[in-house]
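The structure under discussion appears below in the form of structure tokens.
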Amino acid sequence: MAHAEHAASAPILQEVKPAVLPRAVLVENNRSFTWITDKICGIIEGKTPAWWWVCFCVACFVASFTVVGITYLIATGVGVWGHRNPVNWGWPIVNFVFWIGIGHAGTLISAILCLLRQKWRTSINRAAEAMTIFAVVCAAIFPVFHIGRVWYAWFLFPIPNYNEIWQNFRSPLEWDVFAVSTYGTVSVLFWYIGLIPDLAILRDRFYMSGNKLRSSLYGFFAMGWRGSNRHWSNYEMAYMILAGVATPLVLSVHTIVSFDFAVSLIPGWHTTIFPPYFVAGAIFSGFGMVLTLMLPLRAIYHLEDLITQYHIDCMCKITLATGTIVGYAYAMEFFIAWYSANPYEGFTFINRAFGPYWWSYWIMISCNVITPQFFWFKSVRNNTTFVWVLSLFVNVGMWFERFVIICTSLTRDFLPSSWGVLSPTVVDIFTFFGTFGVFSVLFLLFIRFLPIMPMAELKAVTPQADAFAGDDHH
Amino acid sequence: MAAQSYGLIAHFTTASALYKAAKKVRDAGYRNWDCITPFPVHGLDGAMGLRRSIVPRISLAGGLTGFTTGMSLIYFADKFAYPLVVGGKPFFSPMFAFPVSYELTILFTAFATIIGMFIVNGLPMHYHPVLKYDHVVRGMSDTFFIVIEARDPRFNLANTRALLEQAGGTEIKELEA
Amino acid sequence: MEAETPSNIGEVGEKMSPAERATQIPRGNSLYSTPSTGKGGFDGHHQWGMSIDLNTCIACNACVVACQAENNIPIVGKDQSLRGRQMHWIRIDRYYSDGNADAAPFGAEGNREIPEDPQTSVQPVACVHCELAPCETVCPVNATVHDDEGINTMAYNRCIGTRYCANNCPYKVRRFNYFDYNQRQLDSLYLGPMGPHGMPELVKMVKNPEVTIRMRGVMEKCTYCVQRVENGKIRHKVKMAQAGTPGEVEVPDGTIKTACQQVCPVEAIVFGNILDPKSAVSQAKAREQDYALLGYLNIRPRTTYLGRLRNPNPKMPDYAAQPLSRVEQHRKNHPASMDESEPAKKKTPEGHTMVPAKNSGGLS
């Protein structure tokens, strides 16, 4: 390596011959810049494949469940869902936390891994950020529409109203309003900034091939980007700052979502472990969803050279790490409930495991604690199909975790006279599954019309991008 | 060309070639010039003699504005405009005002960063002589250019062209304005 | 008679009188200080409180009915009741004892199975108007806030129905209008806008004009009959002004009665001004049996309970080795028929078989 030569003056090094730490190859088969551009742009420039149309129609159909469900809800009342006294938050808030959690992995990949200089993020970060934005859209449906009087949702924002009354800034729901709005806005902005150089490529390619309409459309959003290094210098700085700002944002957003529960006094909710527990859980579920989305994309579009086994390995390892943290959090909650000698807290945890919802608790434990442990084994990580199946289990398990937290604690809290079991209605169930349709519609549109990988960043991590490449014998 | 040209453009095929050429152009004393790259090349800022970007200062201003906006809004609302006893909590505490202020800090930082970056870069600028160049699509994709503007005081058609050839540039052309 | 938790009002608070505690809201060693009297909160001329005596309550449910009549609480129907959406602002909690916990202090064995006639303890629970209300903190739009007289108020027109307050209430006394129970027919709630709309004329006449009808999507709960409180205060002020002493705004004790208090046949519910140490409610709260339900949560409810007592002394004439509800009640009400010389089984007027206490050890 170059270091050995520069430090040749130290005689010890000539004796020891330090081992060369191999850098992971992030783009295999030594692909050129042109190849990368053609590969990614080819997806957009080509004809829409038949499978895309099939998936899109199915997705639209499923998304209609949500549209119909929400319309029925607003017209008739929250009573069409299964809510009751004492379980005043049921599936909708579970779904909200589920989708927001999924979104967090995208920001982690874009922002946190960027700050940590993990170059392997480049092939997945565009799709992951898109996943974040679409997940936030799906998530935001629920807190907006679950309120009893949706037409007064604007009461939540500090805008003038005829009562001249302000919002309650002590309430975690009010913090949620600011947090989720900020998260959605910053995610879109961050994603868009990353898209600008790629939109410029598409603008110019469409112009060259004569498609003036598409060239103008992409060009409008490309802002006239021309690849100038003076611009790149400011751009890179802005990107770094946005990554630096998005990192505490993602941590704070799910912390604030966890405060929805932690600030209340219900046993099982009122616990300080929630912020880190929720954030770890969010990253865990988000990586599960990233794997669920990226592995089929990789197979369909033959992106094995760009999303390599190293990438899949890294994603599996993060899933394993966060899944283990989540498992540890379960154990700690249980331990502290016992150690605190608080009878309500202790009862809550016995109730979770053996009460009316025992089945959801054990699904949660098996999906979240046991299934990620498979990722210790390299043979498992190399088997892409198996990894994909495990990622589905992770998604299911994380939904059940939110269900266990929210619904079992509400079902049985302080006074037994107020205990009551939640039964979701058909509207609940269809509205939730419809959001997968909404997500799929948006994601399918994304992969059809926008570059699914950041071409500029990908090129920047190839060995050919190194300005000092010719100097040493890499 | 009869009309005043915008400047000269040269192709480079590798990042390291561009890097070395940029140093030459910088050392020759040119000011109004630029490198066109498909991705940010590390070290090129120094090779071009660029100063550090001022975007961070704009971001900082945005962040501070966001934080003070949050805290002042909540202080004004809860202490002056409409004080309410809510859950026995004090009218104002930096504790409960913090989450909202924190989010506003981040939001305003993001806005300031992006708007600042666009303004400093002079974007959007949909019409530019470089964008009219036939092969600009390759500059976005896989080739590196150096563009030296004619308005630079040291610009001389023959000498600048010779400098670029010496630095390793190929397909040196004049850009129409 | 509180749980074995340390006092959460601190040493300073322990030395205060109840009136001072209600206005100054001592926080113990908390970093927070509540806006108390003189600082923008709890400034009112009255501080309302309530005491419910569990010794006299007979669970007749008159308070439930009165509250419904006074406050225009909608009927939800059987289907919605089965789904857990009853709208009653006050409920009577029933706790059943299988005799096991009671048996040990009496030296008896305890039941092996839940008796057919278990010991019942009842507790009417309505909003207890916590001074440090957990519901208020979490409402994002300030629809539920405290007024200066200690009432936890509910602003129906501000409520957007997030239902966080209901989740955070440890007593679960908040009720949400899941449907338009007032404007829609109970058998067509799920039809929504397709169903018939409008309140029948007769139903409109039943409603109390002093109280708003709530639409769907808003939260409601016991308000200490705030319409009666305000009416009482206004009438008193007018009377005082006419009498030439406009400064005496404090309403005399007993003038303002909540609906539940007014109708309770055994006067178990007492409502009044706790700033006045001579008021009936202050005297009730001064009794040793007074306790706050879930008091350890430090939410300082204004409605406290007088704990139910039984005398376990074996020399008491109504002593039973295991306290059994029907046996107890019957003995109290029909002392002549409980002749100890006839230990054979006796039948109650309803035909229920009774076994005298000596043979107890499992009541069938």
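The values are calculated or read from the model by the stated rules, or taken from the named source; none is laboratory data. Everything quoted here is computed from the prediction, not taken from an experiment. Using ideal geometry, Cβ is built from the backbone for each residue, glycine included, and neighbour counts are taken over all protein chains shown.
Are any residues in segment A:318-368 in contact (Cβ under 8 Å) with a residue 60 or more places away in the chain and within 18 Å of the chain's Cα centre (by Cα), and if so, which ones? Those that are in contact (Cβ under 8 Å) with a residue 60 or more places away in the chain and within 18 Å of the chain's Cα centre (by Cα): A:THR319, A:GLY323, A:VAL326, A:ASN368. Residue count for segment A:84-95 satisfying the condition of being within 7 Å of chain C (Cβ to nearest Cβ) and farther than 18 Å from C:LEU186 by Cβ: 3. Looking across segment B:120-137 at every residue that is without any contact (Cβ under 8 Å) to a residue 24 or more places away in the chain and more than 7 Å from chain A (Cβ to nearest Cβ), the one that is farthest from A:MET208 (Cα to Cα) is identified as B:GLY122.
Within segment A:222-245, the set of residues being under 25 Å from the mean Cα position of the chain (by Cα) and more than 8 Å from every other protein chain (Cβ to nearest Cβ) comprises A:TYR239, A:MET240, A:ALA243, A:GLY244.
Residue count for segment A:302-343, restricted to those that are assigned to a helix (DSSP H, G or I) and polar (S, T, N, Q): 4. Put simply, of C:ALA59, C:ALA22 the only residue that is surrounded by fewer than 21 Cβ atoms within 10 Å (Cβ to Cβ), in contact (Cβ under 8 Å) with a residue 40 or more places away in the chain and closer than 22 Å to C:TYR291 by Cα is C:ALA59.
For segment A:31-51, taking the residues that are touching a residue at least 24 places away in the same chain (Cβ under 8 Å) and surrounded by fewer than 15 Cβ atoms within 10 Å (Cβ to Cβ), the one that is farthest from B:VAL137 (Cα to Cα) is identified as A:TRP51.
The rows are residues; the columns are (1) more than 14 Å from chain C (Cβ to nearest Cβ); (2) at pLDDT 90 or above; (3) touching a Pro at 6+ places or on another chain (Cβ under 8 Å).
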{"position": "A:LEU115", "(1), (2), (3)": "yes, no, no"}
{"position": "A:ARG121", "(1), (2), (3)": "yes, no, no"}
{"position": "A:PHE142", "(1), (2), (3)": "no, yes, yes"}
{"position": "A:ILE147", "(1), (2), (3)": "no, yes, no"}
{"position": "A:PHE169", "(1), (2), (3)": "no, yes, no"}
{"position": "A:TRP175", "(1), (2), (3)": "no, yes, yes"}
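In the set (1) within 27 Å of C:GLU136 (Cβ to Cβ); (2) in a loop (DSSP other than H, G, I, E, B), the condition left unmet by A:GLU174 is number (2).
Counting only residues that are out of contact with any Lys or Arg (no Cβ under 9 Å at 6 or more places or on another chain), part of a helix (DSSP H, G or I) and away from chain C (no Cβ under 14 Å), segment A:40-76 holds 18 of them.
Put simply, of A:LEU202, A:LEU251 the only residue that is touching a residue at least 24 places away in the same chain (Cβ under 8 Å) and over 24 Å from A:GLY46 (Cβ atoms) is A:LEU251. Just to be sure, is B:PRO38 more than 16 Å from B:ARG161 (Cβ to Cβ) and without any contact (Cβ under 8 Å) to a residue 60 or more places away in the chain? In short, no. The residues on offer are B:PHE96, B:PHE91, and the sole one that is hydrophobic (A, V, I, L, M, F, W, C), under 30 Å from C:ARG302 (Cα atoms), facing another protein chain (nearest Cβ under 7 Å) and assigned to a helix (DSSP H, G or I) is B:PHE96. Pairing each residue of segment A:174-193 that is buried (at least 24 other Cβ atoms within 10 Å of the Cβ) with any residue that is not in a helix (DSSP H, G or I), provided the two are 6+ apart or on different chains, yields C-beta distances under 7 Å for A:GLU174/A:GLN167; A:GLU174/A:ASN168; A:GLU174/C:PRO140. For segment A:115-129, the set of residues classified as under 21 Å from A:ILE452 (Cβ atoms) and surrounded by fewer than 23 Cβ atoms within 10 Å (Cβ to Cβ) consists of A:GLN118, A:LYS119, A:TRP120, listed by residue number. Close Cβ contacts (under 6 Å, 6 or more residues apart or on different chains) running from residues in segment B:106-117 that are within 8 Å of another protein chain (Cβ to nearest Cβ) to residues that are hydroxyl-bearing (Ser, Thr, Tyr) comprise B:ILE106/A:THR182; B:LEU107/A:THR182; B:THR109/B:SER59; B:THR113/B:SER59. Here is a check on your reading of the model: is A:SER209 more than 7 Å from chain B (Cβ to nearest Cβ) and polar (S, T, N, Q)? Yes; evaluated as a whole, the condition is true for this residue. The set of residues in segment C:168-204 being without any contact (Cβ under 8 Å) to a residue 40 or more places away in the chain, among the polar types (S, T, N, Q) and buried (at least 19 other Cβ atoms within 10 Å of the Cβ) consists of C:ASN168 alone.
Any chance segment A:399-420 includes a residue that's out of contact with any strand residue (DSSP E or B) (no Cβ under 9 Å at 6 or more places or on another chain), of a type in the set (D, E, K, R), more than 14 Å from every other protein chain (Cβ to nearest Cβ) and in a helix (DSSP H, G or I)? Yes, segment A:399-420 contains at least one residue that is out of contact with any strand residue (DSSP E or B) (no Cβ under 9 Å at 6 or more places or on another chain), of a type in the set (D, E, K, R), more than 14 Å from every other protein chain (Cβ to nearest Cβ) and in a helix (DSSP H, G or I). The single residue among A:SER423, A:SER360, A:SER366 that is small (Gly, Ala, Ser) and closer than 30 Å to C:PRO124 by Cα turns out to be A:SER423.
Among the residues making up segment B:1-35, those that are in contact (Cβ under 8 Å) with a residue 12 or more places away in the chain, part of a loop (DSSP other than H, G, I, E, B) and either crowded, with 22+ Cβ neighbours inside 10 Å or among the small types (Gly, Ala, Ser) (or both) are B:ALA3, B:ALA28, B:GLY29. When A:VAL396, A:VAL404, A:VAL421 are checked against the criterion of being over 17 Å from A:SER285 (Cα atoms) and among the aliphatic types (A, V, I, L, M), A:VAL421 stands alone in meeting it. Within segment B:73-88, residues that are at the interface with another protein chain (Cβ under 7 Å from one of its Cβ atoms) sit with their Cβ atoms under 7 Å from residues that are small (Gly, Ala, Ser), at 6+ positions apart or across chains, in these pairs: B:ILE74/B:ALA97; B:PRO83/C:GLY40; B:VAL85/C:GLY41; B:GLY87/C:ALA133. Do we have A:PHE375 as of a type in the set (A, V, I, L, M, F, W, C), surrounded by fewer than 21 Cβ atoms within 10 Å (Cβ to Cβ) and over 30 Å from C:HIS88 (Cβ atoms) here? No, not satisfied. Checked against the criterion of being buried (at least 24 other Cβ atoms within 10 Å of the Cβ) and farther than 30 Å from C:PRO170 by Cα, the candidates A:GLY101, A:GLY106 yield just one match: A:GLY106. Within segment A:421-452, the set of residues being in contact (Cβ under 8 Å) with a residue 60 or more places away in the chain, under 24 Å from A:VAL78 (Cβ atoms), more than 20 Å from the chain's Cα centre (by Cα) and part of a helix (DSSP H, G or I) comprises A:VAL427, A:ASP428, A:ILE429, A:PHE430, A:THR431. Looking at segment C:36-69 only, could you name the residues that are acidic (Asp, Glu) and over 15 Å from C:ILE269 (Cβ atoms)? The answer is C:ASP43, and nothing else.
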